[in-house]
Amino acid sequence: MKTKVVYVKNTFPSDIDSVFKLLTDVKTLQYIASPYASFKLIGDDKELVWSEGRTFSFLFKMFCFIPYGTHTIKVINFNKDEIYTNESNTHVPIWNHRIKLIDNGNGTTDYSDEVEIGAGWKTFIVWLWANCFYKHRQRKWLKLIKIRKVVK
C-alpha cells in the first residue's frame, strides 16, 4: 500500500521535561485533538499509562461527532527524546506516528510530528485532513503550554 507522510514542526516555549510530562497524560491528547477529533478509551483502564509494548484502543470520532471506528495505538518507543507508535483505524490501516523532542538548552523544545498514513484509495484525503489536524494540534500545544504556565 502506498503511503504519504505528514511532517509538522514547531518550537515550544517550554523545557523538554515539562513538554514530556504533558505528553504522558491522555487528557493532553484529548485537548489538543479537539475539535478535529475525539478519543475515548475502550476498556477497563481508568488510568492510561503510556509505555513501550502497551496497546490501547479508542473510539475515534472525526470532528468530535462523526463516528470513525476504533483507533488502536501500539506504543513502540516512549521516552523523552522520541515517541513512536504504530497506529491503525477501522478506515486507516497505517498511521505510524513519530514525535521527536529536542532540548534547545534555552528553555525551549523543538517538537515534531511525523506521521506515515496508508488508507488505500483514501490516502490522499486522509493525508489532507491529517496535515490540518497536526498543524491544529501544535497550535493547541502552544495554547496549553501557556495555560499551564510551563513557559520558562
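The values are calculated or read from the model by the stated rules, or taken from the named source; none is laboratory data. The structure presented is a predicted model; accordingly, all values stated were derived computationally and were not measured. Cβ sites come from the backbone with ideal geometry, for glycine too, and all protein chains shown count toward neighbours.
The listed residues are 98, 139, and the only one of them that is modelled with pLDDT of 95 or more and more than 30 Å from residue 44 (Cα to Cα) turns out to be 139. No other residue among 117, 102 is assigned to a strand (DSSP E or B), surrounded by fewer than 16 Cβ atoms within 10 Å (Cβ to Cβ) and in contact (Cβ under 8 Å) with a residue 12 or more places away in the chain apart from 102. Filtered by the rule that a residue be of a type in the set (Val, Ile, Thr) and touching a residue at least 24 places away in the same chain (Cβ under 8 Å), region 50-72 gives a lone residue, 70. Evaluation of residue 91 against the conditions (1) without any contact (Cβ under 8 Å) to a residue 40 or more places away in the chain; (2) closer than 19 Å to residue 22 by Cα shows that the sole unmet condition is (2).
Restricting attention to region 1-41, the residues that are under 23 Å from residue 69 (Cβ atoms), under 13 Å from the mean Cα position of the chain (by Cα) and exposed (fewer than 14 other Cβ atoms within 10 Å of the Cβ) total 1.
Residue 150 meets each of the listed conditions (1) β-branched (Val, Ile, Thr); (2) modelled with pLDDT under 95; (3) surrounded by 16 or more Cβ atoms within 10 Å (Cβ to Cβ); (4) closer than 19 Å to residue 33 by Cβ apart from (4). There is no residue in region 42-51 that is exposed (fewer than 14 other Cβ atoms within 10 Å of the Cβ), among the hydroxyl-bearing types (Ser, Thr, Tyr) and in contact with an Asp or Glu (Cβ under 9 Å, 6 or more places away or on another chain).
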